[in-house]
Structures are given as structure tokens and as C-alpha cells.
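For reference, the structure is listed below as C-alpha cells.
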Amino acid sequence: MIAPTPDPPYSAVIFTSVRRSDPNDGYGETAMAMSSLVAQQNGYLGHESD
């Protein structure tokens, strides 16, 4: 087993984005808010970002 997971059903959400060159576009603030909200959802296992 690679990682412990709960019994099914569960799902994964994967998305990609292309950042604009404007460092004040609000992306960072929005990403932090979404990370906080998703962590509060039942069944949340974690997330990764590069």
C-alpha cells in the first residue's frame, strides 16, 4: 500500500492553471482561502501544490 486511504467511495480533484505575470492578481489569496475551505470538508485527505 502506498498510502492509507478510507474505504471507497472517494474522489480526487486535479486541475492545472497558468499564472499571469501580474503578482497582484489575487491568485495567492484565493488559493489560501480555497485550501482552508477544502480542509474543512468531510473526507479531506490532503492536497499538493507546486
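Just so it is clear, none of the values below were taken in a lab; they were calculated from the coordinates. Keep in mind that this is a model prediction, so the values were computed, not measured. Cβ sites come from the backbone with ideal geometry, for glycine too, and all protein chains shown count toward neighbours.
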Task: Over the chain: helical MRE at 222 nm, DSSP H runs n ≥ 4 each giving -39500 (n - 2.57), nearest 500 - done: -8000 deg cm²/dmol
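Please state, to two decimals, what the Cα-based radius of gyration of the chain comes to when divided by 2.2 N^0.38 Å (N = residues). Walk me through the intermediate numbers first.
Values: Rg = 14.1 Å, N = 50, 2.2 N^0.38 = 9.7 Å.
Rg over 2.2 N^0.38 Å, computed on Cα atoms: 1.45.
Which value, in debye to the nearest 20, gives the size of the charge dipole of the chain about its Cα centre, when Lys and Arg are +1 and Asp and Glu are -1 at the Cβ?
With Lys and Arg at +1 and Asp and Glu at -1, about 60 debye.
What does the charge count around Ser35 come to, taking other residues whose C-beta lies under 15 Å from its C-beta (Lys +1, Arg +1, Asp -1, Glu -1)? Present the calculation step by step, with values, prior to reporting the outcome.
Values: positive: none; negative: Glu29, Glu48, Asp50.
That sum, taken over residues with Cβ under 15 Å, equals -3.
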Task: Calculated from backbone phi, Karplus (6.51, -1.76, 1.60) coupling profile of the stretch 31-47 in Hz, x at Gly/Pro - done: 4, 5, 5, 5, 4, 5, 5, 5, 5, 8, 7, 4, x, 4, 10, x, 8
Task: 14 Å beta-carbon shell around Thr16, net charge (K/R +1, D/E -1) - done: -1
